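Step one of this worksheet: look at the structure below.
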Amino acid sequence: MRLHPLSVPLRAVSRAIGFAWAFLVGGVALSRGDPVLTGGAVVVAVLAVLAVVGYEVAYFRRFDYELTEDSLDIASGVFSRREREIPLRRVQNVDVTRSLVARLLGLAEVDVETAGGGSTEANLRFVSREEAARLQEEVRERRGARERGRTDRADATDSEAGDAAATGVEGGEPAAAGGTDAEASTGEFEPTPVGERGELLFELSDRDLLLYGLLSFDPRLLSGVVAFATFVVPSLGQRVDVPNVGLAVIAAGVLVLGLGVWLVSAVVRVVQFYGFRLRRVGDDLRYERGLFERKDGTIPLSKLQTVSVEENVLMRRYGFASLAVETAGYAPGQSPSGGSEAAIPLAPRADVFTLARDVEPFDEYDLSRPPERARKRYVRRYALAALTVVAAGFLVSRFVVSFPWYALVALVPLAVPAAARAHANRGVHADGDHVVTQKGWWRRRTTVVPNHRVQTVIRSQTVFQQRWDLTSVVVDTAGSRSISGSGAVAVDRDGSEADELADTVVDRTLVTVGVRETPETGGGQSSAAAGD
Amino acid sequence: MERLDGKVVVVWLWRVLVFAVVLAVAAGVAVTVLDPGVSRLVVAPAVFGVVALLGTLHALLRYRIWRFDVREDTLYIERGVLVRVRTTVPYVRVQHVDSRRGPLERVLGLGRVVVYTAGSRGADVAIPGLAAARVDDVQETLRRLAIESEPEDGEGDAV
């Protein structure tokens, strides 16, 4: 199959604009009004555009893809050829993105992710909207059929049953999916609007969308403002003679900037998550969102690695939370677009937990907090941080712009409540099927890891932690979020407790995966034979 | 609990030496260019001395702390000077096992085993400084154990 013919002009234009612009601006600036040189720059720019168009035509002509019964085959490449075969049962996510222009032309971009490698495994830019929907649907169906076939064989040792399920005639879907799934898997594909298949799990109302924008304020954005301010402030201080007025101006400026950042982040969120809907189609979760650029992605539940509930301070205050579901393809926030791929951006806390349990049934948990001495450690740490700020303030006041730096000393006593909050928002719970960890006092993240998804268990102790006999336990999964260090971690546990936790988690993992038959109780000697 | 071959310290010390030389040269160049009034003949040897001393200390401590254990169902590794790390890898999670031997390692008759899992920190699991015969042995054992612990129904699929 070829890409959509309109993808040639769309790709060429989006690429050529940047190219030609760079040549034109650079060339014109360098030629400094010399007519010959300026003309040369224009010619080069035109040539660049032609080259891009030629390349895109060749790309289109040499791009070929095919969805077979069990794989997605892609042959591509202008200068060096590449033929790639992606087994469907290894596919993690299939995402369809439609930018504003693509929507006007009826096109869509398809990204297919598997667990391996860093980048997107297959990127189809662009196919028609119907073709994108067909790909998304058929990948789901065929993968589902494969998986059903496999378990059927394992259960009933009847390969015929597996084949029957593979054709989708028996429709062995969970009842929750409703009759719509049977309709969807009749093999004959009809381009029904994507929004109408499956069971609607969640829809973000306009009011909640607005709330989400306002509540999901990310303090990290402020750090950018602070970095920017360090450039502006010194020149401001020189210009304003009266130090008190200067201070007022700075304070007002900071306030305005902060409000501005908040509003901008709110607007960005609203644009990103406009019209958010989450549906369950068979064994997949499927979301769509976006005001200008529509994103439509699948999250296969059979590939689920972790489930996390995230609440920042504001959300906690008003009883809201967001839900993130992680697969090995990519994590929320690491998606190709860089947007936050929350399964639910914002909903009342109880609803979030209901849905989380629907996706991955986990029991009530009772988090145990780090030992009391950890809190003392946090007090010291925050006090040290506050003292650093005071020292920096003193230096700025002394050398750059004079202001009452000693007012910053008021920050130091705040270390005590801050430490208490940090302590109260860290914890861990392990039961037969799951490990639940929690951390983060501004943006609290509660991560649920099913035992059968645990890859390795890592205990780590920095020199400071060694002094206090505290250990952090990382429960690593194949989820790509763990790479950025934001995976499931039980921070600052008592040394022996951490050992016990690590042993228990490993034992339970071995049992759930079927390597060991019974859970062990302490001791390194295992009598249970390895499963064969 | 098994320890590494003592000769691995030579490999580490060699790296420390290279690193110290590079830093000393860089410091010397910086002093020459910036000219802060200190002779580069003082700065470069000083930088070399400090880096070499700290590096040697680190290498020795690292060797003292490094431990691993090929257990029945898991591979256990203990390492790290500043951050003490203890990793447990169930064999069922092992994707593949590499053995590697660099030029210096070959001269010393050493090698290392690298164990990959689907987990994000997979590449972390490497056992350096094993005697050549032991490398093959460990790799073979891990490979066998990884295959043996594979459940038949595919339930253990990592991802």
Inset, instruction - Evaluate peptide B:106-118: per residue, the Cβ atoms of other protein chains within 10 Å of its Cβ; return the mean as an integer. - result: 1
Inset, instruction - Take every residue in peptide A:499-508, count the Cβ atoms of other chains within 10 Å of its Cβ, and give the average of those counts. - result: 2
Inset, instruction - Starting at the first residue of segment B:144-150, write each ³J(HN,Hα) from the Karplus equation 6.51 cos²θ - 1.76 cosθ + 1.60 with θ = phi - 60°, in whole Hz, x for Gly and Pro. - result: 4, 5, 5, 6, 4, 7, 6
Inset, instruction - Report, to the nearest whole %, how much of the accessible area of segment B:8-64 belongs to carbon and sulfur atoms, 1.4 Å probe, protein only. - result: 79 percent
Legend entry - Area hidden from solvent between B and A (accessible, protein heavy atoms only, 1.4 Å, total, Å²): 3000 Å²
Legend entry - Long-range amide H partners of A:Thr456 with built H, under 5 Å: A:Asp476
Inset, instruction - Do me a favour and compute the ellipsoid semi-axes for segment A:7-62 from its Cα gyration tensor, root of five times each eigenvalue, largest one first, whole Å. - result: 27, 10, 6
Legend entry - Farthest positive-ward along segment B:68-148 dipole, Cα basis, beta-carbon charges - from B:Val70, B:Ala118, B:Val94: B:Ala118
Inset, instruction - Show the residues, 5+ positions off or on another chain, whose built amide H is closer than 5 Å to the amide H of A:Asn312. - result: A:Arg444
Inset, instruction - Would you mind getting the accessible area per residue of segment B:8-64, heavy atoms of the protein chains only, 1.4 Å probe, in Å²? - result: 66 Å²
Legend entry - Cut-off under 5 Å, modelled amide H: who pairs with A:Asp492 long-range: A:Thr471, A:Ser472, A:Val473
Inset, instruction - Roll a 1.4 angstrom probe over the protein heavy atoms and tell me the percent of accessible area of segment B:68-148 that is carbon or sulfur. - result: 50 percent
Legend entry - 23 Å Cα-Cα reach of A:Lys376 towards lysines, excluding residues that sit fewer than 8 places from it in its own chain: A:Lys439
Legend entry - Surface/4 estimate of mean projected area, convex hull on alpha-carbon atoms of segment B:68-148, nm²: 5.4 nm²
Legend entry - For segment B:68-148: accessible area per residue (Å², 1.4 Å): 41 Å²
Inset, instruction - Step through the residues of segment A:252-262 one at a time and calculate ³J(HN,Hα) from phi using the Karplus curve (6.51 cos²θ - 1.76 cosθ + 1.60, θ = phi - 60°), rounding each to whole Hz and writing x for Gly and Pro. - result: 4, x, 4, 4, 4, 4, x, 4, x, 4, 4
Inset, instruction - With no solvent and one equal point scatterer placed on each C-alpha of segment B:8-64, evaluate the Debye formula and give log10 I(q)/I(0) for q = 0.14, 0.19 Å⁻¹, two decimals. - result: -0.41, -0.63
Inset, instruction - May I ask for log10 I(q)/I(0) of segment A:372-421 at q = 0.15 Å⁻¹, from a Debye sum over the Cα atoms as equal point scatterers with solvent left out? - result: -0.43
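The values are calculated or read from the model by the stated rules, or taken from the named source; none is laboratory data. Predicted model only: the values in this text are computed from it and were never measured. Methodologically, a virtual Cβ is constructed for each residue, glycine included, from the backbone with ideal geometry; neighbour enumeration extends over all protein chains shown. The accessibility values were calculated without ligands, DNA or RNA, using every heavy atom of the protein model including side chains. Shrake-Rupley method; radii C 1.70, N 1.55, O 1.52, S 1.80 Å.
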